[in-house]
1. Tell me which residues come under 5 Å, amide H to amide H, from ILE197 once H is placed; ignore anything under 5 positions away on its chain.
2. When ranked by the protection proxy of mean other Cβ atoms within 10 Å per residue, highest first, what sequence do the peptides 625-632, 201-208, 270-277 form?
3. Which order do the peptides 211-217, 381-387, 651-657 come out in when sorted by mean C-beta neighbours inside 10 angstrom, highest first?
4. To make sure I understand the rule: partners must be aspartates and glutamates, Cα under 18 Å from the Cα of LYS586, and not fewer than 8 residues away in the same chain. Which ones qualify?
5. In terms of Cα to Cα distance under 13 Å, which aspartates and glutamates are near enough to LYS66, apart from those fewer than 8 places away along the same chain?
6. Peptides 192-200, 227-235: what's the order by average Cβ count within 10 Å, highest mean first?
7. Given the pairs LYS606/LYS652; LYS41/LYS243; LYS585/LYS606; LYS545/LYS606; LYS41/LYS63; LYS519/LYS646, which span a C-alpha to C-alpha distance of over 23 angstrom in this model?
8. Could you grab the relative contact order for the range 206-289? Cα pairs under 8 Å, six or more apart, rounded to a whole percent.
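The values are calculated or read from the model by the stated rules, or taken from the named source; none is laboratory data. These numbers come from a predicted model, not from an experiment. A quick note on method: Cβ atoms are made from the backbone with ideal geometry, for glycine too, and the neighbour counts reach across all protein chains shown. In case anyone asks, the SASA skips ligands and DNA or RNA and just uses the protein heavy atoms, side chains included. Shrake-Rupley method; radii C 1.70, N 1.55, O 1.52, S 1.80 Å.
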Amino acid sequence: MKKIGRIFMLVSAIVMSLSLIIVGYLMHRSSTRAIEEEAVKYLELMAYDKGQHLENMIEEIEKSTKVYADMVKYQLNIDLVHHADNSDYMDHLLDFLKPSVLNMAEDLDHNLNFYLVFNIDLTDDIKAIVYSRDSNDENMPYVSLEGILSRQQMESESEELTWYYGPLNAKEGVWSNPYDDIFLKERLMTYSYPIIIEDQVIAIVGTDIVFESFQEIVEDVKVYDSGYAFLLDKDYRYLVHPKLDMLDQLSQIEAGKYAYMEDLFRQNDTGILRYDYEGSKKIMGYYHLSNGWMIAVAPVYEEVFETLNTQMTNSLMIIIAGLVISLLALSFTAYKLTDPIRNLTAHVEKIRRDGLNVEISQSLLDNPTEIGILSQEIDNLRNRLLSSFEDLKQHNSQLDLLVEERTAEIFGLNQELQASLESLQNMQEQLVESEKNTLVRTMVQNLAHKFSTPIGNSIVLLSYIKKLYVMDEKKTDKHLEAIDMLDSNLNLINRIINQMRLYLDTYDQLLISSFDISKVIKVAVSDYEITEPLNFEVHFDDSIKVDIYQSKRLVSELISRLLRYSNQIERTPDTDPIRLEIQVKKTMICLYYRDNALNLNGDVDKFFDPYYLHSFDSSELGLELNLVADLVKRGLKGNISVVEDKHGSAIKMTLTDLKK
């Protein structure tokens with residue numbers, strides 16, 4: 001019996017636990033949403049901030065290069081530039097511009113090379129100013145490189161000299177991807193800008209920047225614990241990444257897993273993406289630069305919620321401690337509240353054990369709570385039960401007398417009912433015996449009909465043979481014909497007797513096994529053709545394997561009987577061949593026997609009666625088809641019927657898989 005104190009504690013614990021779980025879930029969900037929104041803003045802001053830092057460097061380089069290009073543009077005398085003999089003017093101009101080119105090289109941060117190259121189509125020789133230094137050391141002086149360029153090199157290496165031909169063809173500033181300079185042993189990046197006058201490129205101003213200055217900005221980004229930033233070019237190749245390099249493209253890594261991102265990046269200049277990378281769920285904030293590059297910051301998704309998880313763990317420990325303290329307090333309270341109930345329960349148990357004469361204590365009757373009212377009601381019920389038991393004793397004595405009288409009456413009725421039951425059983429036995437006699441008479445009538453003709457024929461033939469032998473001492477063809485007929489009739493009598501014996505088969509000692517019914521049918525057809533030639537063809541598809549748990553002997557006997565019956569029917573040359581078909585339906589296997597020589601359109605309800613007259617010419621088929629039905633129903637535990645479908649009429653035999 002469950003105690004009310006335990007129930008009270010259990011219910012209170014369940015309510016408190018559910019309340020804490022619901023509140024905790026709502027708080028966790030709200031906190032998760034808030035932290036995720038904050039992380040999204042943080043990542044977008046970080047990507048924007050670092051992007052602006054890179055953007056400022058790019059704009060500073062572009063602006064300085066463009067300003068210098070404009071300054072050179074205003075120093076040019078376009079007529080002299082286009083003059084056929086402009087060599088002296090160009091040499092004088094180069095001497096004039098050298099100090100300004102050096103100043104530009106020294107003023108640009110992280111610059112290794114700064115150069116001014118005139119369009120080679122406007123001059124006979126290469127007219128260029130190139131200042132370079134060997135390292136990124138600011139104390140290293142710039143050196144003028146004379147004759148570093150040749151016309152042959154400029155014309156033959158057009159695909160490699162993108163710093164020259166890029167802005168020359170595009171007629172606008174062009175950034176190159178980072179590349180490794182084998183002489184300076186630095187990774188550089190070039191920005192070159194064309195000087196255009198009257199829609200013609202006059203010269204190219206360019207600078208080679210140490211890419212490390214951009215790389216440091218990206219690599220110095222720290223996002224949470226293991227997050228990092230990376231930089232992509234306009235074709236989404238990796239310029240800066242902890243594990244990937246410029247040979248890796250976003251659409252090709254991990255078999256194109258991230259190719260879909262390129263379309264998303266093209267749609268928005270800045271945004272957030274969630275994705276899986278190397279087995280970790282990550283979140284990315286990205287920002288597009290003006291030169292087509294894109295910077296992205298990507299922490300592990302779990303690190304975003306690490307603080308929340310720590311807080312939730314601490315909160316869970318506090319909640320569990322509070323729950324334990326609350327349960328202890330509830331246990332003490334429940335014990336005090338249920339103490340009167342336990343006392344009342346003890347009194348009720350004592351009344352049950354010792355009887356209704358046990359009185360309830362006065363302290364329980366005087367209890368001011370509902371327990372006192374319940375105690376008073378139980379005491380009143382006890383007193384009423386005592387009074388009722390006294391009344392029951394008097395009624396019991398009266399009932400004993402009535403029971404004795406009724407018992408005598410029931411005994412008499414029982415004897416009458418027993419006599420009626422015996423009479424009914426006798427009548428039932430007589431009815432059963434009458435039904436058996438009717439069946440026996442029917443069978444005897446059929447047997448008499450079957451045996452009369454062959455026996456009569458045999459008697460007449462025997463008499464005729466005797467006369468022939470008396471009249472003629474020599475054997476003639478008539479003698480032989482009479483003997484054959486006699487033999488045929490005697491065989492018919494023997495076959496009918498054997499068929500009648502089949503009705504006596506109880507099928508209770510069959511050998512049951514699992515076998516392929518298709519193979520058994522094929523063998524049965526072949527065996528029958530050996531013993532008795534068929535006057536028809538048998539079509540059967542034995543390529544389908546159908547296993548069944550049944551008597552192989554009875555299945556083979558069933559096929560032999562069907563073939564024997566069809567073999568007795570007269571056929572025309574255009575009669576279709578016999579077809580055997582198998583269909584599997586759950587635990588049943590349906591066998592269809594199609595023979596157009598059998599007229600299956602008659603009275604199908606009597607088709608398998610032993611003395612039904614069929615339309616085809618055979619006096620034995622009624623009894624033999626009845627034997628087929630008996631073998632299917634009693635031997636194979638199945639059913640047999642005549643059906644009509646899209647293929648025509650057929651004898652349908654449903655065989656039960658005994659294992660299933």
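1. Residues meeting the amide H criterion: ILE202.
2. Taking the mean over residues of other Cβ atoms within 10 Å, the ranking is 201-208, 625-632, 270-277.
3. Going from most to least packed, we get 651-657, 211-217, 381-387.
4. In chain and number order, the partners are ASP516, ASP547, ASP657.
5. GLU172
6. The densest-packed peptide leads the list: 227-235, 192-200.
7. Beyond 23 Å: LYS41/LYS243; LYS585/LYS606; LYS545/LYS606; LYS41/LYS63; LYS519/LYS646.
8. 13 percent
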